[in-house]
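Take a look at this one; I'll ask things after.
The values are calculated or read from the model by the stated rules, or taken from the named source; none is laboratory data. Just so we're clear, the structure is a prediction, and the values are computed from it rather than from any experiment. Positions of Cβ are backbone-derived with ideal geometry, glycine not excepted, and every protein chain shown enters the neighbour counts. The accessibility values were calculated without ligands, DNA or RNA, using every heavy atom of the protein model including side chains. Shrake-Rupley method; radii C 1.70, N 1.55, O 1.52, S 1.80 Å.
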Amino acid sequence: MKRIMSVAVLILGIAAAQKRTQPARKLAPEMLASHNQVRASLGLWPLVWSPKLAAYAQEWANTLLAEGQFKHRTRGAYGENLYEITGGYAAPAEVVKSWANEAADYDYKANRCRKMCGHYTQIVWSETKAVGCAVAWRDGREIWVCNYDPPGNYVGERPY
């Protein structure tokens, strides 16, 4: 009986791990498609996926998780969007949608944010050509990082 219980626990553990690793395998196409859907709504060129940016994003997501922090790199070479969720898991489309929803707070005419809109304007920054994203999770905390090249959000410039 004890052996059966151990096998059942092992199987459940493997199933849970597979559940979390499956989205990681799908991350690139889903994140890219979600970003490009937002850009297409404005007639902007699609972004391309950058493994280099994804690796850069993964390193930062892992660092934030390990250090228990949630902040932008202080001297990052690329544009950056961050997303955090505790007690659950997010899908790539949910993450991008949360940033894209900031469009409601962006006043294009005045080129100003009413509240927070910098994540949205980075997604739709017309000069940005590439994106790479990553996620790190542990103990019910999940951190998403996307990096953009070239970066956007220059003061006084319109995103598109």
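Any idea what the alpha-carbon Rg over 2.2 N^0.38 Å comes to for the stretch 51-152? Mind dumping the intermediate values first?
On the way: Rg = 13.6 Å, N = 102, 2.2 N^0.38 = 12.8 Å.
The stretch 51-152 yields a ratio of 1.07.
Order the following by accessible area, largest value first: HIS119, HIS35. Probe radius 1.4 Å; ligands, DNA and RNA are ignored. Can you show the working numbers first?
Numbers: HIS119 30, HIS35 0 Å².
Largest to smallest exposure gives the sequence HIS119, HIS35.
Between GLU59 and ARG114, what is 0.36 nm times their sequence separation minus the Cα-Cα distance? Round to one decimal in nm. Mind dumping the intermediate values first?
Values: separation 55, 0.36 × 55 = 19.80 nm, distance 3.21 nm.
Full-extension gain reported as 16.6 nm.
Taking the Cα atoms of the stretch 28-78, report the difference between the largest and smallest coordinate on each principal axis, in whole Å and largest first.
If we take the Cα atoms of the stretch 28-78, the spans are 39, 19, 18 Å.
Sorted by mean Cβ packing within 10 Å, highest first, what order do the peptides 132-138, 74-80, 154-160 take? Can you show the working numbers first?
Details: 132-138: 21.3, 74-80: 14.4, 154-160: 11.4.
Descending packing order for the listed peptides: 132-138, 74-80, 154-160.
What accessible area per residue comes out for the stretch 98-160, rounded to a whole number of Å², with a 1.4 Å probe?
On the way: 3040 Å² over 63 residues.
Ligands and nucleic acids excluded, the figure is 48 Å² per residue.
Also, I was wondering about something else. Highest mean first, what order results for 36-47, 104-115 on Cβ atoms within 10 Å? Let's see the in-between values first.
On the way: 36-47: 14.7, 104-115: 11.2.
Ranking, from highest mean packing down: 36-47, 104-115.
Once you've got the Cα coordinates, tell me which of LYS109/LYS129; LYS26/LYS115; LYS52/LYS115; LYS71/LYS115 are over 21 Å apart.
On the way: LYS109/LYS129 24 Å; LYS26/LYS115 32 Å; LYS52/LYS115 32 Å; LYS71/LYS115 18 Å.
Checking Cα-Cα distances, LYS109/LYS129; LYS26/LYS115; LYS52/LYS115 exceed 21 Å.
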